[in-house]
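Working notes, beginning with the structure itself.
Here, each number is a calculation from the coordinates, and none is a lab measurement. Keep in mind that this is a model prediction, so the values were computed, not measured. Methodologically, a virtual Cβ is constructed for each residue, glycine included, from the backbone with ideal geometry; neighbour enumeration extends over all protein chains shown.
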Amino acid sequence: MFTARKSRLALIGGIGLAASLVLAGCASSNPLDTPTEDGGESAGSDTIVIGSQAYYSNEIIAEIYAQALENADFTVEREFNIGQRDAYIPDLESGAIDLFPEYTGNLLEFYDDSADVTSPEDVYTALQDALPDGLTALDYAEASDQDTYTVTKEFAAANKLTSIADLASLSEKATIGGAPEFEQRPYGPAGAKELYGVDLAFSATGDTTLESLLAGEIQVADIYSADPAFETEDIVALEDPENLILASNVVPIASSDVADEIADVINAVSAALGADDLVALGVQSTVDEKSPEEIATQWLTDNDLL
Amino acid sequence: MNWIADNFGLILELTLAHLWQSAIPIVLGFVLSLPLGWVAWRYRLVRGPVVILTGLLYTIPSLALLILLPALIGISTRDPANLIIGLTIYAIAILVRAVADGLDSVDPAIRQSATAMGYGGLRRFWTVDFPLAAPVVLAGLRVTAVSTISLATVGILVGVENLGYLFTNGLQRRIIAEVFAGVLAVVVIALLIDLLLLLAGRALMPWTRAVKTPNAARRPARIVRAAA
Amino acid sequence: MNLFAEALAWLFSPERLEGQYALPVLLGQHLFYTVVSVVIAAVIAVPAGWLIGHTGRGREVAVAISGAARAVPSFGLMVLLVLLLGVLRVPQAATITFVLLAIPSLLAGAYTGLEAIDRRVIDAARATGMTEWQIFWKVEVPLGLPLLVGGLRAATLQVIATVTIAAYVNLGGLGWPIIQGIPLRRFDQVLGGAILVAVLALIADMLLALAQRAAVPAGIRVASRGSRTPRAARRAASAESPSASEDSAATAPSSASPT
């Protein structure tokens, strides 16, 4: 007799089978799958794995590298939006990732936070020394994305501010806003106090730093120099004559074993990536809301690299 | 909402990733919590510590857990396995309690009758205890499923890409439609999975479809014993 | 465990009492947002839950709304509200997120508390001449209190865990060491922050568990102590904790730690 119990068991079995098929199917075809420790062997010798930070500007640069390499007949695998350096540096060092757009100063700080250099060329040289053996720094670009001490143009005019040192002359104690870790960085408020004698309070405004500056909640803001806001808003970065802030130019970091193969293509990209380009690319992302793919294709075409 | 139309492919891709990153912890959590819940229910001495331990696991902030798990077991933070293990731990924390409570709700008289009829231990568990405990366990499973799907978004903060990407990316680029799309997608798939579980429950447990007793005659005294 | 020892060292270092991110300050901020959110959620959810439990109507709607509320990712909602309300109203954005998180458990605690009462007790109260209001306040509410406090306990725990993300939008709280420690790679700080939140949650849980026991009306406690057959004892024991029913899953910690 086909009892209710048997039909229930059949139903459970059927659901279980269907579920495991679906799970297996999803798992194997997951487009966003990240490799664990395959050390680059899984992808074949011609495939270049490119990573990016969880930062839309960095993602655009990585996409530019990717399309440039694809145009030169390389096979490219994209692993974008990885996050903090702790998350991706081990993979970069092990060879699971072959190429990554980085920033000279911040990466130098990661490997050696006692480094005393600040000019672009010095920082690049120091970085080359500090990199472990498996990694090579290709040519750095003029484009940079470094911390700044930024104020609104209005505030600058009202208080006659041109350089960071001028902040010392403010009548009321100003507050600087930035990412949470900025408070502890050598070029953060403590560093400003030491080098310029400027006393600033800190507010961890994070991703809303720009809005807070524009709303008047904070007077000074650590806005990265590639932020499209420099084009869309009335803000200005204060000058840094004493080189408190380390230069941080865009530099492609590659696994030493693929570095030679891709050097020509990537160095051509770096040569064309000028100081104002990142801001313009950022505007296309935030104001025009274009995807990184579109922006990258457009830039490469405009610079005759595609 | 142009952004949503233009980026529908991205949203779909992320939704699929999100689904499988959530489905595995739910299933795994369920399977693992059955024996654990049974032990907690069966052995009174164990129950206290188990409840405290699961409560403790529950209070660890997810972000901290996702950073510390890789340090403890040696995988990369951005490995989806990291997120999956973390979510499984939270799922177990909820489900062990549900399984124990479910088994608790089975009338001991029924269990005794089954034993009297000659059902052995394991058979009695699968044919009597578990089916009767199932409604409570299913309720716990539904809650677990919804909260796992919702919690998985934290993965983006440690580099695991899923629908959480739409929050951080949307915030950075100040695209409200993007963040809204992310929230909406998470809510929709959570409610869909919840509905699926509800329907599965109805299909697999036909006895729970009995006519609902009106309020006046519902559940006799648990808090109050009226006359003896 | 080396990491654990480092975390404790970080926690107990005297620097933790200085500056704008001193631990007492962070604790105060954390408690502030937790209490405010839970109170607001209670003001909304408890009367609604009582109404549902008392009249017996609207339960399905409540369950559906709770389910939908649990599905909303707290992290995403907070980001969305910050974008919508603007940077000057970040505290409000965060509070709304936490209130939404707390409502389901409080709502469930309120109506399951009332539903679990034997109808005969209410009939008896009516028979002795009590008005509807008197029945509600003198009979239903006190008898429903243990489950309500159970719901309060679940809600508070979830909110405490989730307020850690308040630090992401510059509201301080015990999440700050975690949010700052990750980019700085200071894992002693991250673990220290995690330990603090866990300890706070445990203490709150214990206090509320005690409150839940205390909330059982004296008459019931005496009655359950009297009838000590194993079955009755088990029933009494299960009455004092969020008891085994479909609703216990509803009051159980639903959406886990910070989303």
Item to check | 20 Å-binned pair-distance histogram of chain A (Cα, whole percent) | outcome: 30, 49, 16, 5, 1
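Percent of alpha carbon pairs in the stretch B:21-159 separated by more than 23 Å?
Numbers: 3793 of 9591 pairs.
Cα-Cα pairs in the stretch B:21-159 separated by more than 23 Å: 40 percent.
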Item to check | P(r), alpha carbons of the stretch C:1-75 - 10 Å bins starting at zero, rounded % | outcome: 15, 26, 22, 18, 15, 5
Checklist entry - Is it possible to state the helix-based mean residue ellipticity at 222 nm for the protein assembly as shown, with each DSSP H run of 4+ residues giving -39500 (n - 2.57), the sum divided by total residues, to the nearest 500 deg cm²/dmol? What is it? => result -20000 deg cm²/dmol
Next on the checklist: What is the distance in Å between the Cα centroid of the stretch B:91-122 and that of the stretch C:1-76?
Outcome noted: 33
Checklist entry - Angle, helix B:80-104 long axis vs. longest principal axis of chain B, Cα atoms, 0 to 90°, nearest 10? => result 20
Checklist outcome for this item: In the neighbourhood of A:Asp129 defined by beta carbon distances under 12 Å, the net charge of the other residues (Lys, Arg +1; Asp, Glu -1) is -3
Checklist entry - What would the Debye formula give as log10 I(q)/I(0) at q = 0.18, 0.23 Å⁻¹ for the alpha-carbon point model of the stretch C:65-177, no solvent? => result -0.86, -1.15
Checklist entry - Got a sec to turn the phi values of the stretch C:156-162 into Karplus ³J(HN,Hα) couplings, 6.51 cos²θ - 1.76 cosθ + 1.60 with θ = phi - 60°, whole Hz, x for Gly and Pro? => result 4, 4, 5, 5, 4, 5, 7
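At a 10 angstrom cut-off on C-beta neighbours, averaged per residue, how do the peptides A:214-221, A:109-116 rank from highest to lowest? Walk me through the intermediate numbers first.
Working: A:214-221: 19.9, A:109-116: 13.8.
Sorting A:214-221, A:109-116 by mean packing, highest first, produces A:214-221, A:109-116.
Give me the compactness ratio for the stretch A:188-306, meaning the Cα radius of gyration over 2.2 N^0.38 Å.
Relative to the 2.2 N^0.38 Å estimate, the stretch A:188-306 comes out at 1.32.
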Checklist outcome for this item: Taking placed amide H atoms and a strict 5 Å upper bound, the residues 5 or more places from A:Ala174 or on another chain that come that close are A:Ala201
Checklist entry - To the nearest whole number, what is the average tally of beta carbon atoms from other chains within 10 Å of the beta carbons of peptide B:97-104? => result 4
Checklist entry - Are there any helices in chain A, counted as whole DSSP H runs, that stretch 20 Å or more along their axis by Cα and score at least 0.0 on average by Kyte-Doolittle, and if so which? => result A:4-28, A:256-272
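Nearest-5 percent of antiparallel DSSP beta bridges in chain A?
On the way: 13 of 26 bridges.
In chain A, approximately 50 percent of DSSP beta bridges are antiparallel ones.
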Item to check | the stretch B:82-145: radius of gyration over Cα atoms, expressed as a fraction of 2.2 N^0.38 Å | outcome: 1.33
Next on the checklist: Cross-link candidates for A:Lys153: which lysines have Cα within less than 19 Å, leaving aside residues fewer than 8 places away along the same chain?
Outcome noted: A:Lys173
Next on the checklist: Can you tell me, using C-alpha contacts under 8 Å and at least 6 residues apart, the relative contact order of the stretch A:94-223 as a whole percent?
Outcome noted: 23
Checklist entry - Helix B:8-42: angle to the longest alpha-carbon principal axis of chain B, degrees 0 to 90, nearest 10? => result 30
Next on the checklist: What translational diffusion coefficient, to the nearest whole µm²/s, does the stretch B:99-194 have by Stokes-Einstein, given a Kirkwood radius computed over alpha-carbon pairs, a temperature of 25 °C and 0.890 mPa s viscosity?
Outcome noted: 151
Checklist entry - Taking the Cα atoms of the stretch C:172-213, what is the range of coordinates along each of the three principal axes, in descending order and whole Å? => result 44, 18, 7
Item to check | Ranked list, fewest to most other Cβ atoms within 10 Å of each Cβ, for C:Met78, C:Met130, B:Met117 | outcome: B:Met117, C:Met130, C:Met78
Next on the checklist: Can you give me the angle between helix B:44-59 and the longest principal axis of chain B, using Cα atoms only, in degrees from 0 to 90, rounded to the nearest 10?
Outcome noted: 20
Next on the checklist: Using Stokes-Einstein with the Kirkwood hydrodynamic radius over Cα pairs, what translational diffusion coefficient do you get for the protein assembly as shown at 25 °C and a viscosity of 0.890 mPa s, in µm²/s rounded to a whole number?
Outcome noted: 86
Checklist outcome for this item: For the B:Thr127, B:Phe8 Cβ pair and Förster radius 51 Å, calculated FRET efficiency rounded to 0.05 is 0.60
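Antiparallel versus total DSSP beta bridges in the protein assembly as shown: what percent is that, nearest 5? If you can, show how the numbers build up before the last one.
Numbers: 13 of 26 bridges.
Once the DSSP bridges in the protein assembly as shown are tallied, antiparallel ones form about 50 percent.
Given N residues in the stretch A:237-306, what is its alpha carbon radius of gyration divided by 2.2 N^0.38 Å? All intermediate terms of the calculation are to be shown ahead of the outcome.
Values: Rg = 15.1 Å, N = 70, 2.2 N^0.38 = 11.1 Å.
Scaled against compact globular proteins, the figure is 1.37.
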Checklist outcome for this item: For B:65-72, C:154-161, B:100-107, ranked highest to lowest by mean beta-carbon neighbours within 10 Å, the order is C:154-161, B:100-107, B:65-72
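Work out the mean other chain Cβ neighbour count within 10 Å for the residues of B:48-60 and drop it here as an integer. Don't skip to the answer; put the middle values down first.
Working: counts 0, 0, 0, 1, 3, 0, 1, 8, 5, 3, 10, 16, 8.
Across the residues of B:48-60, the mean count of other-chain Cβ atoms within 10 Å is 4.
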Next on the checklist: Restricting everything to alpha-carbon atoms, can you work out Rg to Rh for the stretch B:1-44 with a Kirkwood hydrodynamic radius?
Outcome noted: 1.42
Checklist entry - Roughly how large, in nm² to one decimal, is the mean projection of the convex hull of the alpha-carbon atoms in the stretch C:137-185? => result 4.4
Item to check | Distance between modelled label sites at B:Ala71 and C:Glu18, nm, 7 Å Cα→Cβ extension | outcome: 2.4
Checklist entry - How big is the Cα convex hull of the stretch A:100-250 in projection, averaged over all directions, in nm²? => result 8.9
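Looking only at other chains, what is the average number of their beta-carbon atoms within 10 angstrom of each beta-carbon in C:80-91? Mind dumping the intermediate values first?
Working: counts 10, 1, 5, 12, 3, 0, 3, 13, 6, 0, 5, 0.
Mean shielding count: 5.
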Checklist entry - Would you list B:Leu198, A:Leu69 from fewest to most Cβ contacts within 10 Å? => result B:Leu198, A:Leu69
Checklist entry - For A:Thr301, C:Thr34, what's the fewest-to-most ordering of other Cβ within 10 Å of each Cβ? => result A:Thr301, C:Thr34
